[in-house]
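K.L.:
The structure follows.
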Amino acid sequence: MPVRQGYGDHGDACRAANALDLVGDRWTLIIVRELILGPKRFGDLQDAVRGITPAVLTERLRSLRQAGIVDHVVLPDLARTRAYVATAWGRELEGVLAALGRWYSAGPDPATTGGMTPDAVVLAMRTMAPDAPGEVPAVVLRLHDARRAHPPVRVFHTVAEGGAVHVRTGEIRDPAATVTADSTAWTHILFEGLGLDAADIDGDRGAVARLVGLYTPPA
């Protein structure tokens, strides 16, 4: 197998070009996207990164680990399951993903097809974080990807701080409401005006409507 040469090997000192040597391959940034908000097992990554083969996923994870972007972690379960997680440096790629998302949205045809994983929609929420004038009650989001046969539930919560909405991992005590939804449906609720009936809401439905109203553009 020939040795792969990067931009630096060809005499290009541009740091953006050299960064592409690390994350410019197909699937690579999508793998990182799925690890920014917390660890995932190999099988969960294979399901989340649509279209990737086990061999390619193995190679991409090896390269990301060698670069210091991803690392191994042992989950605190009885089986001591090995998983992958983005390093602190790897998590800084959230800003790159956000910039790419905003750039695409400003293009001539920003429409997309397909679905969204829970982590992808939460990163989109963080990218598009709206101003939050006044009080915005905290809401817990329990999201799953209905495209999977037995999807795990990813838990997040929203808080309003500093005049903006923030979305973070994990539960929060005494939320105003808890939303349980397919992650793609939640995307349509937030950004495309789909009704709240597409989600199960436990608690203050008005609090969820207020949160959604901050994201949904006016008709």
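Please treat every number below as a calculation from the coordinates, not as lab data. As the structure is a computational prediction, the values presented were derived from the model and not from experiment. Cβ sites come from the backbone with ideal geometry, for glycine too, and all protein chains shown count toward neighbours.
K.L.:
Any chance you could check the Cα centroid distance between the range 100-146 and the range 152-211 for me, in angstrom?
P.N.:
Distance between centres, Cα-based: 11 Å.
K.L.:
Using 1/(1 + (r/R0)^6) with R0 = 22 angstrom and r between the beta carbons of residue 127 and residue 15, what's the FRET efficiency to the nearest 0.05?
P.N.:
Given R0 = 22 Å and the Cβ-Cβ separation, E is 0.45.
K.L.:
Starting from the Cα-Cα distance between residue 46 and residue 89, subtract it from 0.36 nm times their residue separation and give me the gain in nm to one decimal.
P.N.:
Here the answer is 13.2 nm.
K.L.:
Scanning the chain for helices, which whole DSSP H stretches are 15 Å or more long along the axis (Cα) and average 0.5 or more by Kyte-Doolittle?
P.N.:
Span-like helices, by this rule, are 93-105, 205-215.
K.L.:
Residue separation times 0.36 nm, minus the C-alpha to C-alpha distance between residue 200 and residue 72: what's the value?
P.N.:
Stretched fully, the residue 200-residue 72 segment lengthens by 42.6 nm.
K.L.:
Here's another thing I want to ask about it. So what are the ³J(HN,Hα) numbers for the range 139-154, from phi and the Karplus equation (6.51, -1.76, 1.60; θ = phi - 60°), rounded to whole Hz, Gly and Pro as x?
P.N.:
Coupling constants for the range 139-154: 10, 8, 10, 10, 10, 9, 9, 5, 6, 8, 5, 10, x, x, 9, 9 Hz.
K.L.:
Within 10 Å of each candidate Cβ there may be at most 10 other Cβ atoms; applying that plus a DSSP loop requirement, which trypsin sites (Lys or Arg not before Pro) in the range 122-204 survive?
P.N.:
173
K.L.:
Suppose the chain between residue 106 and residue 159 were pulled fully straight at 0.36 nm per residue; how much longer would it get relative to their current alpha carbon spacing?
P.N.:
Full-extension gain reported as 16.4 nm.
K.L.:
Rounded to the nearest 0.05, what FRET efficiency do residue 147 and residue 4 give with R0 = 22 Å and r taken as the Cβ-Cβ distance? Could you check?
P.N.:
E(calc), rounded to 0.05, equals 0.10.
K.L.:
Please list, ordered by chain and number, the residues whose modelled amide H lies under 5 Å from the amide H of residue 177; skip anything fewer than 5 residues away on the same chain.
P.N.:
Result for residue 177 returns 140, 204.
K.L.:
What 222 nm value per residue comes from the helices of the chain, counting each DSSP H run with n ≥ 4 as -39,500 (n - 2.57) and dividing by all residues, nearest 500 deg cm²/dmol?
P.N.:
-11000 deg cm²/dmol
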